[in-house]
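The values are calculated or read from the model by the stated rules, or taken from the named source; none is laboratory data. Bear in mind that the values here come from a model prediction, so they are computed numbers and not experimental data. Heads up, the Cβs are rebuilt from the backbone with ideal geometry, glycines too, and the neighbour counts pull from every protein chain shown. To get the accessible areas, we keep the full protein, side chains included, count just its heavy atoms, and leave off ligands, DNA and RNA. Shrake-Rupley method; radii C 1.70, N 1.55, O 1.52, S 1.80 Å.
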Amino acid sequence: MAQGQEHIPPAKSQKPKVRPDVGKWVKDKGIAKVGVELSGQWELDPKLTRDARLAQRQAIAAAQQGLLAELVGTRHKVLRRSTIDPFLSLEVGLDALTVLEKSPLVKEVYLEEAVLTPSLLQSVPLIGGPQAWTEGFDGGDRAVVVIDTGVDRNHPFLNGKVVAEACFS
């Protein structure tokens, strides 16, 4: 090294924002349902004061809007926008995936396609559902939180009863 030159270490290779399985899925199928986590320092909502919660939700909405502006002209469709967490659910083509990889607004992109088969026939007996029903428990006047692989909010059993939903995968 010549005098006066300083050694600059090579930049660490950054982890790709778009998970490899997402790229493969889009190349194979042409389109994918993905979850997008936004970059930034976000606090869990319950820890925030009312004003801080409102400010954070506005910042999340602005970041989502900024990302959607970057995606204009690409093959994409908004499936869901969280109002409390820095996430979006999108359907994207390869051109949109390229934008997501380069965007400073994106922390990570992951596949949201169902990889598990629903197992209601096995899970209801497993949790003692039939026994509870025979003992007269029907869930009336109760709020229920379901942590599951997904739900069909339009199913007649749930029609008009789902208050909110979110993806935490």
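A few comments on the model shown:
- Flag if Q64 is of a type in the set (S, T, N, Q) and either more than 17 Å from the chain's Cα centre (by Cα) or not in a loop (DSSP other than H, G, I, E, B) (or both): yes
- Filter result for the condition that a residue is touching a Cys at 6+ places or on another chain (Cβ under 9 Å), at pLDDT below 95 and under 26 Å from E165 (Cβ atoms), over R80, R50, R57, R19: R80
Let's see how each residue does on (1) under 20 Å from the mean Cα position of the chain (by Cα); (2) small (G, A, S); (3) at pLDDT below 90; (4) surrounded by 10 or more Cβ atoms within 10 Å (Cβ to Cβ):
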| position | (1), (2), (3), (4) |
| --- | --- |
| L94 | yes, no, no, yes |
| V99 | yes, no, no, yes |
| P104 | yes, no, no, yes |
| G140 | no, yes, yes, no |
| G150 | yes, yes, yes, yes |
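- Qualifying residue in the range 107-114 (condition: in a helix (DSSP H, G or I), at pLDDT below 95 and touching a helix residue (DSSP H, G or I) at 6+ places or on another chain (Cβ under 9 Å)): no
- Selection status of V72, in a loop (DSSP other than H, G, I, E, B) and at pLDDT 90 or above: yes
- Looking only at the range 26-56, and only at residues there that are outside any strand (DSSP E or B) and within 17 Å of the chain's Cα centre (by Cα), the one that is surrounded by the most Cβ atoms within 10 Å (Cβ to Cβ): W42
- Test: residue in the range 123-130 that is under 21 Å from A164 (Cα atoms) and at pLDDT below 95: no
- Only listed residue being free of Cβ contacts under 8 Å to residues at least 60 places away in the same chain and open to solvent by 40 Å² or more (accessible area, probe 1.4 Å), chosen from L88, L79, L68: L79
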